[in-house]
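The block underneath contains the structure these notes are about, expressed in structure tokens.
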Amino acid sequence: MTWSSDTKLTFVTGNANKLKEVKAILLDSEGHSLEIEPKDFDRKSLLPEIQGTTRDVAIAKCKAAAELVNGPCIVEDTALCFKAMNGLPGPYIKFFLKELGHEGLNKMLDGFSTREAWALCTFAFSPGPGAEPILFEGRTEGTIVPTRGPPVFGWDSIFQAENTGQTYAEMDPAEKNAISHRYRALNKLREYLMSEQII
């Protein structure tokens, strides 16, 4: 793949909130920016839904997405991991949230000695079809708490991040983006793209 100034990087996602965060984080890069073009293949069932770690999922999705896009792309897989459950629900959190809701996720930890958790984000980048994806991971420690803040973006309202005393949902978007698992993974991706003179 030959990069040029008009090359667009496709972010394969159907989640408007994720897209908004990614654009905000990439634009806050000391004057460097990259044009992101969203593509939603999930609703058309064009990407594989495999079982495994966030790394396994991200690699499989990125390989398939690069073929569909026929060019450079990034995909993301996010996990919410409970310490008491050795990292579960992990990459299956979206299905647990859909079936149990925020209250149900809290009830899963009733009776355990800890409600500690961590948020894990894995970005996979491919320069194009046939290339092995490169992974970038970010992790934020936290605690599972009863819902606080607007419950509009996934499990943000039950994840109290690090030593902030706030859930992601209670934070100003810029405040969240400064410490989030997504920011930490995306910052590594951004540094790689800059080192390769892609941005």
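The values are calculated or read from the model by the stated rules, or taken from the named source; none is laboratory data. Model, not experiment: these values are computed from the prediction. Note: ideal-geometry Cβ built from the backbone for every residue, glycine included; neighbour counts use all protein chains shown. Side chains included, ligands, DNA and RNA excluded: accessible areas come from the protein's heavy atoms. Shrake-Rupley method; radii C 1.70, N 1.55, O 1.52, S 1.80 Å.
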- Query: Pairs under 7 Å by beta carbon, first residue open to solvent by 80 Å² or more (accessible area, probe 1.4 Å) in segment 1-29, partner modelled with pLDDT under 80, six or more apart or different chains?
  - Reply: LYS8/GLU35; LEU27/SER33
- Task: Return the only residue of ALA131, ALA124, ALA185, ALA119 being part of a helix (DSSP H, G or I), of a type in the set (A, V, I, L, M) and touching a residue at least 40 places away in the same chain (Cβ under 8 Å).
- Result: ALA185
- Quick one: would you say PHE125 is in contact with a helix residue (DSSP H, G or I) (Cβ under 7 Å, 6 or more places away or on another chain) and either at pLDDT below 95 or crowded, with 21+ Cβ neighbours inside 10 Å (or both)? yes
- Could we say that LEU34 is under 17 Å from CYS121 (Cβ atoms) and at pLDDT below 85 here? no
- Specify the residue that is nearest to the chain's Cα centre (by Cα); the eligible residues are those in segment 62-79 that are small (Gly, Ala, Ser) and at pLDDT 90 or above. ALA79
- Item | Residue match in segment 82-102 (condition: touching a Pro at 6+ places or on another chain (Cβ under 8 Å) and under 15 Å from ARG184 (Cα atoms)) | no
- Item | Residues (hydrophobic (A, V, I, L, M, F, W, C), within 15 Å of LEU19 (Cα to Cα) and surrounded by fewer than 18 Cβ atoms within 10 Å (Cβ to Cβ)) located in segment 170-199 | ALA174
- Any idea how many residues of segment 141-159 are over 13 Å from HIS102 (Cα atoms) and surrounded by fewer than 21 Cβ atoms within 10 Å (Cβ to Cβ)? 2
- Do we find a residue being out of contact with any strand residue (DSSP E or B) (no Cβ under 7 Å at 6 or more places or on another chain), at pLDDT below 95 and β-branched (Val, Ile, Thr) anywhere in segment 141-158? yes
- Message: Looking at the structure I just gave you, is LYS63 open to solvent by 70 Å² or more (accessible area, probe 1.4 Å), in contact with a strand residue (DSSP E or B) (Cβ under 8 Å, 6 or more places away or on another chain) and without any contact (Cβ under 8 Å) to a residue 60 or more places away in the chain?
- Response: no
- Message: Among the residues of segment 53-73, what is the count of those that are hydrophobic (A, V, I, L, M, F, W, C) and either closer than 26 Å to ALA117 by Cα or in contact with an Asp or Glu (Cβ under 7 Å, 6 or more places away or on another chain) (or both)?
- Response: 4
- Query: Looking at (1) out of contact with any Gly (no Cβ under 9 Å at 6 or more places or on another chain); (2) within 23 Å of ALA65 (Cβ to Cβ); (3) at pLDDT below 95, can you tell me which one ASN163 breaks?
  - Reply: (2)
